[in-house]
Amino acid sequence: MALGRWRPFSRFRALERMDPFHDLADIQSEMNRLFDAFFGRPGRTVGLLDRVWAPVVDVYETADELVVTTELPGAKEKDVHVSIVGDVLTVKGERKQDREVKEEHYHRMERFYGSFERHIPLPIPVEADKVKARFRDGVLEIRLPKAEEIKPKEIKIEVG
């Protein structure tokens, strides 16, 4: 027997393939990918050539507004579009590759390029006609003023 072919733990490989917890993890991973694709969550690598990119977002609330920030490094302001329909904020656009390098010349390619689209359900009513968006240093910040009916109102208590 040649040393290069000797595998001391080869008899345990069959046990490794039949691990039910590993199979459950694969099923859960596939279900997560399907839900992420359906609900517009950040994409994951589907296959070697079929890669999906969606920017990550942060959503937080202040006293007067809802703020959404998303990182779009390498995207140009003119290639990004923001819209609101009902209670869903949509950010879509495209990040183009800035160099013309043939794919076969790459040793590693981890950055994603191409079209993206995120649908962000808004947790509170906002005034869509007063929304402001600012794009600076690869970060898109969207400020959505809260609708008047949900802003807290101070009620004066009368004595007497």
Under the Karplus curve 6.51 cos²θ - 1.76 cosθ + 1.60, θ = phi - 60°, whole-Hz ³J(HN,Hα) for segment 133-138, x wherever Gly or Pro sits: 10, 9, 10, 8, 6, x
Nitroxide proxy distance, nm - points 7 Å out along Cα→Cβ at Asp129 and Val67: 2.6 nm
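Any read-out appearing in this document is the output of simple, stated calculations on the displayed coordinates, not a laboratory observation. Remember, predicted model here, so these are calculated numbers, not experimental data. For neighbour counting, all protein chains shown are included, and Cβ atoms are generated from backbone atoms with ideal geometry for every residue, glycine included.
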